[in-house]
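For reference, the structure I am asking about is given below.
Just so it is clear, none of the values below were taken in a lab; they were calculated from the coordinates. This structure is a prediction, so every number in the text was calculated from the model and none was measured. Please note: Cβ atoms are built from the backbone with ideal geometry, for glycine as well, and neighbour counts cover all protein chains shown.
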Amino acid sequence: MPNVWSPDSWRAKHNSQQVKYPDEKALGQAVADLSKLPPLVTSWEVETLKHQLAEACQGRAFLLQGGDCCESFADCRSDSIVAKLRILLKMSLILVYGCKRPVIRVGRFAGQFAKPRSSPTETVDGVTLPSYRGSIVNRLPFTLADRTPDPELLLRGYERAGLTLNLIRSLVEGGFADLHHPELWDVDFVNHSEHSQMFRRLMDSVSQAVSFMEAVAGRSLAELDGVKFFVSHEGLHLDWEQAQTRQVPRRPGWYNLTTHFPWIGDRTRGLDDAHIEYFRGIANPIGLKVGPSCTPDQLLGLTEVLNPENEPGRLTLIHRFGTEKIDRYLPPLIEAIQRRGRVVLWCCDPMHGNTIQTANNVKTRRFDDILHELDRAFEIHASMDSYLGGAHFELTGEDVTECIGGARGLSEADLGRAYLSDVDPRLNYEQSMEMALLIARRMNPSFRDDMLLPK
Ligand code: PEP
Ligand code: CO
């Protein structure tokens, strides 16, 4: 690996996900335009997040990362942004209560626009066209015009990321004052769960704790906690990432200022490839997705290149094996990291190893598989004296029907009702709340059903 890094040194490297634009000149113009626009985030926000993630590395905080698989431009609406923010804030309060430590909230949005594809083309009824690669690259309808990569979309995506962040910042500053209203915590799905009594007590406790803290302090929770909200996306489209990679006054290094926390996908983590070259040079905290094909030696090589100083908070390993593989693949990676004394934050993505296809060719995931992988992740880390310090979900605050199961027992037949994701299936509002409650219960044994008195 050459030692000279620059924001575009990745261009000399292999990139299996490089988008081929028919009009290179138009691409160059779009990248030049992007690089003149103001940044979406600031270097001090990025450093604040790194500091919080460093705390999580030491077991003193927990990372909650969640949002869409792929944001669509049509979802850049206030109701959908508010719903995403609200579900993450509510989940985070449940987790604070459950794990008794601060929760770092990171949205998988305001820039989650590009998708890696296993094949660059798709064939339907004998017609072959470029695959859909996310809303900053091309459009979903299966026509040549829609599927041809369009550099203008980079700019349209950047604007939407900015609009999304603008609303998030205002909402967070405004305090989301309604978070402590009891009726917000009184959700009907709970009645359908075998744990309904435990859920009710837990939600009552959280809501009372929030009200109590606010009453004592005379300030809203947002003011008290200085609610911080960070954003993240897969740093896949390197033209876009490069355009916003900047130096800032009075701080060394280069920052990717499109997002606080970019991550490297499981398909683009080849040690000598373009994405690793790009990511090794930026100062942001970064994530690395790790699936079953990653060997302990590969992982050690990657951690050395991506975090040579072993800086706490710099590197989060987001493992995603699937419920059937985690027992086999996670322990050797934990062992290698411990043996080499690498400081990392471990985070479990229980979504991407658990995607299945129904008989009708619909992509879905089973709630129980997601929960089981997460459960195993907690158990394996604890048994090896390691700390699972985060969870990564594909979720939405809306009432979609994309994943099977949960308290309401969504079945395959329900998938057609409200399947809105353009790519991977997401947990809906209720399934996300239930997931948070079950994690809180796992992290805090005092929430075991049998230890709660009847109301
Ligand atoms: C994703 O997070 O949407 C994704 C594609 O994940 P992975 O790189 O883990 O497959
Ligand atoms: Co996905």
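Quick one: which residues, 5 or more positions from residue 401 or on another chain, have an amide H under 5 Å from its amide H? H modelled 1.01 Å from N in the peptide plane, none for Pro or chain starts.
For residue 401, whose amide H was placed from the backbone, the distant partners under 5 Å are 418, 419, 420.
Separate question: According to the square roots a ≥ b ≥ c of the eigenvalues of the Cα gyration tensor, what is the shape class of region 279-350, taking rounded for a/c under 1.5, prolate for a/b larger than b/c otherwise, and oblate for the remainder?
Note, shape of region 279-350 comes out prolate.
Rounding to the nearest 10 and keeping the result within 0 to 90°, find how far the Cα-based axis of helix 429-443 lies from the longest principal axis of the chain.
The helix 429-443 is inclined about 70 degrees to the chain.
Against the empirical 2.2 N^0.38 Å scaling, what ratio does the C-alpha Rg of region 248-387 come to?
1.12
Sticking with this structure for a sec: Rounding to the nearest 10 and keeping the result within 0 to 90°, find how far the Cα-based axis of helix 367-383 lies from the longest principal axis of the chain.
90 degrees
Can you tally the net charge around residue 7? Count Lys and Arg as +1, Asp and Glu as -1, for every other residue whose Cβ sits under 14 Å from the Cβ of residue 7.
It works out to a net charge of 0.
Shifting gears a bit: Once the Cβ-Cβ distance between residue 60 and residue 208 is put in as r, and R0 is 25 Å, what FRET efficiency do you end up with, to the nearest 0.05?
According to the calculation, E is roughly 0.50.
Tell me whether region 224-275 comes out rounded, prolate or oblate; compute the Cα gyration tensor, take square roots of the eigenvalues as a ≥ b ≥ c, and use a/c under 1.5 as the rounded threshold.
Cα axes put region 224-275 in the oblate bin.
In whole angstrom, how long is each semi-axis of the equivalent ellipsoid of region 21-175, when you take the square root of 5 times every eigenvalue of its Cα gyration tensor and sort them from largest down?
Equivalent ellipsoid of region 21-175: 34, 19, 15 Å, largest first.
Can I ask one more? Under 13 Å from the Cβ of residue 326, count the other residues' Cβ atoms, weight Lys and Arg +1, Asp and Glu -1, and hand me the total.
-3
When you take every Cα atom in region 363-452, what is the radius of gyration, and what is Dmax, the widest Cα pair distance, in Å?
Spelled out, the Cα radius of gyration and Dmax of region 363-452 are 14.4, 44 Å.
Please work out the FRET efficiency for the pair residue 24 and residue 125, using the Cβ-Cβ distance as r and a Förster radius of 25 Å; give the result to the nearest 0.05.
0.20
Could you work out the local net charge near residue 376, counting Lys and Arg as +1, Asp and Glu as -1, over the other residues with Cβ closer than 14 Å to its Cβ?
Value of the local net charge: -4.
Rule-of-thumb check for region 1-113: C-alpha Rg over 2.2 N^0.38 Å?
1.41
In deg cm²/dmol and to the nearest 500, what is the mean residue ellipticity at 222 nm of the chain if only DSSP H runs of at least 4 residues count, each as -39500 (n - 2.57), divided by the residue total?
Rounded to the nearest 500, the figure is -12500 deg cm²/dmol.
Here's something else I'd like to know. Output ³J(HN,Hα) for region 144-160: one whole-Hz value per residue in order, computed from phi by the Karplus curve 6.51 cos²θ - 1.76 cosθ + 1.60 with θ = phi - 60°, and x for Gly and Pro.
The phi angles translate into 4, 4, 5, 7, 6, x, 10, x, 4, 5, 4, 5, 4, x, 4, 5, 5 Hz.
Work out Dmax and Rg for the chain from the C-alpha atoms and quote the Rg first, both in angstrom.
Looking at the chain, its Cα Rg and Dmax stand at 21.4, 69 Å.
Test of the criteria: in region 327-420, which trypsin sites (Lys or Arg not before Pro) are in a DSSP loop and have at most 15 other Cβ atoms within 10 angstrom of their Cβ?
Loop-located and lightly packed - 340, 417.
While we're here: Kindly work out what percent of the DSSP beta bridges joining two residues of the chain are antiparallel, to the nearest 5.
So the antiparallel bridges in the chain amount to around 20 percent.
Give me the percent of DSSP beta bridges within region 279-389 that run antiparallel, rounded to the nearest 5.
Expressed as a percentage, antiparallel bridges in region 279-389 total about 15.
Which distance in Å, rounded to a whole number, links the C-alpha centroids of region 313-344 and region 1-60?
25 Å
Right, another one. Show me the three semi-axes of the equivalent ellipsoid for region 99-177, from the C-alpha gyration tensor (sqrt of 5 times each eigenvalue), largest first, rounded to whole Å.
Its equivalent ellipsoid spans semi-axes of 35, 16, 9 Å.
Another question, if that's okay. Within the chain, which is the longest segment that contains none of the GluC sites (Glu not before Pro) sitting in a DSSP loop with at most 11 other Cβ atoms within 10 Å?
1-193
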